[in-house]
Amino acid sequence: MPSPGAIAPLHARLAAALGQQRLLVSPDALLAWECDGFTVHKSRPGAVVLAETTEHVQTALRILNDAKVPFVPRGAGTCLSGGPTAGADAVVIDCARMRRVLHVSTEDLYAVVQPGVVNLDLTTAVTCHGLHYAPDPSSQSVCTIGGNLAENSGGPHCFKYGMTRDHILGALVVLPDGSLARLGSPAGSRAPQGLDVAGLFCGSEGTFGIATEITVRLSRNAQEVRTLLAAFADMGAACRSVGDILAAGLVPAALEILDQATIRAVEASVYRAGYPEDAAAVLLVELDGAREVVAEDALEVREMFARNGALRIEEAADAAERKRLWKGRKGAFGAMGRINTDLYVLDGVVPRTRLEQALAGIAAIGEKHGMLITNVFHAGDGNLHPNISFDGRDAEQTRRTVAAGHEILQLCVDLGGSISGEHGIGSEKLDHVPMMFDAADLDVMARVRAVFDPDGRCNPGKVLPNRSACAEVAKWPQMIAKVLDVEGPR
C-alpha cells in the first residue's frame, strides 16, 4: 500500500493520464461512494475514477498496478451486500458512464453492451425488435448490466428464465494489471470441451477484474402474457398455492409473494398498486407463452387460488393493468423507506417446501430482537428477502439488526438452503460464509481467485473471509494466459 506521502503523486498520475474531470478526490465528492445498498458498512474511497472507455479502465489499472494500490469496480451502487464499498486506501473505478449499447444482433439474438448500461434500458433498446433481456432484478430501472454480471443477479422472472449467468455469452475483461482477457463469445460462454471461464467470472463480485464489454443473450417476447394477483387471509395459503402450481407441472414466468406489512408500506407510498391491505399475503403470478396454453394455465391457476381460499383474485386485462400490479412488487424496497431510515435486505434461500417454516422462524427472530421484519420474496425458487427496518444512526439498533440477520441466514442453512440467492457475499456475509464452507472449500476458492488477481488488489476484503493468496500462484503465468486468453495492453 502507498504511504500517505505517495497519494498526491498517484492522484497526479491518474489526473494527467485520464484528465482531471475523470478523477474525484475531495472528501465531499467521495461521499456518494461511501456505501452501496448495504448501509451498515460505510467507507469513503481514496479516489474515484470516472471511466468511459475500456482504455480509461486499462490506463487506471496500469497506474494502480505500478503503485500496488487496491481498486474496487462499481456500477450504479445498488448492490445490497457491500460489494462495491471501498476502503480508504482503495480507488473506485466507476463504470456508470459506460452506458452504450455497442451492437445488437436480431438474427443471432445477442447484444454487446458496456457495463454501465441500465438493465431496463437494454430491453427498451430492443423492444422494437420484439426482444427483451430476461433477467430483471427489482432495481432494474437503475441497476447496471455490469453489476448484474458481477453479482449473478436474479429477479422475479428468473424462476423460468434463469439467472444472469444463463444469459451471459462473453465479456471483455480488464485484469488487475491492465491486460485484456476475452471470455466466451457470441457463439457461447465456452468452446466445445473448454472451460466456462465466462460463467466463472459471472458472480465473482468484482474480485477478478472489470468487464468493459459484455455480450448478453436476448430473448423473443412471448406471444401472450397474463398476470394474476391473489390475496390470502394467511401466508400459509399463499405458500401452498405456490406448491400446488408447481406440483401441477406449470412453469410460470414469475411467482412472487408480499406479506401484509409490505403491502401496507407499498399502499402508503408512491408505488401504490391497489393491493388489499387487509390481506396477510398477496401472490403475484405471471404466465407467458403460446396464447392457448397461457389461457388454459391461467384458468388452472385461478382454480388453485380458489381452492386455497383466496379472498380476492385479480387478472390484468391489458399491459397498463399488468404494469400496475407489478408496480407494487418492483417498488416494495423503495416503499420501505417510509418505515425507518435504513433497510437491511437479506436474501437467504430455502427449499420451497420449507417456506412456511422459514417465515415462522424469521418472525420469531424479529420478535426476539425487537426488530420490524417485512417479507417480499421470489417464492418460486425459495429466495427469501426478509427486510429489517432500523435506524442506522442508533448503534444498538444496528447491532440488533446485524445479529438478527445472522440468525436468519443460519436458519436458512439449517433448513437446507443457502446464505445468498442473488445479492452475493460482499463484505456483508463474510462472517456467514463458514456456515456453508469449510477451510478446504475456501482454499480452493482462494486459488481460483488468485489466478485472476495474484496480488489481492481487486476488490480486497470481499467474498472470502481469508484474503491470503496462494503461494503457488507465482508459478502459474502460462496457465493464466492460456485460460483467460490474455491479449495484453493494446
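This table checks each residue for (1) in the same structural domain as GLY461 (by TED's automatic domain parsing); (2) more than 24 Å from SER139 (Cα to Cα); (3) surrounded by 20 or more Cβ atoms within 10 Å (Cβ to Cβ).
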| site | (1), (2), (3) |
| --- | --- |
| PHE159 | no, no, yes |
| LEU183 | no, yes, yes |
| PRO192 | no, yes, no |
| LEU195 | no, yes, no |
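Quick one: which helices (runs of 4 or more DSSP H) lie wholly within the range 355-466 and hold at least 2 residues that are under 25 Å from VAL266 (Cα atoms) and under 23 Å from the mean Cα position of the chain (by Cα)?
Counting at least 2 such residues, we get 355-369, 395-414.
At least 2 residues that are over 24 Å from ALA446 (Cβ atoms) and under 17 Å from the mean Cα position of the chain (by Cα) in each: list the strands (runs of 3 or more DSSP E) lying fully within the range 164-231 that qualify.
210-217
Being crowded, with 23+ Cβ neighbours inside 10 Å, not in a loop (DSSP other than H, G, I, E, B) and not polar (S, T, N, Q) is true for just one of VAL104, VAL92. Which residue is that?
After ruling out the rest, the residue left standing is VAL92.
Is at least one residue of the range 346-354 part of a helix (DSSP H, G or I) and either crowded, with 21+ Cβ neighbours inside 10 Å or not assigned by TED's automatic domain parsing to the domain that holds ALA395 (or both)?
no
In the range 126-155, what count of residues is obtained for those that are part of a helix (DSSP H, G or I) and more than 23 Å from ASP94 (Cα to Cα)?
The number of residues fulfilling the criteria is 4.
Go through PRO115, PRO70, PRO135 for me and flag whichever is outside the structural domain of VAL463 (by TED's automatic domain parsing) and closer than 16 Å to ALA47 by Cβ.
Numbers: PRO115 fails: closer than 16 Å to ALA47 by Cβ; PRO135 fails: closer than 16 Å to ALA47 by Cβ.
Unique residue meeting the criteria: PRO70.
Which residue pairs have Cβ atoms under 9 Å apart, sit 6 or more places apart or on different chains, and have a first residue in the range 117-128 that is more than 17 Å from ARG97 (Cβ to Cβ) and a second that is acidic (Asp, Glu)?
If the second residue must be acidic (Asp, Glu), the pairs left are LEU120/ASP136; THR123/ASP136.
The values are calculated or read from the model by the stated rules, or taken from the named source; none is laboratory data. Computed from a predicted structure; not experimentally measured. Note that each Cβ is placed from the backbone with ideal geometry, even for glycine, and that neighbours are counted across all protein chains shown.
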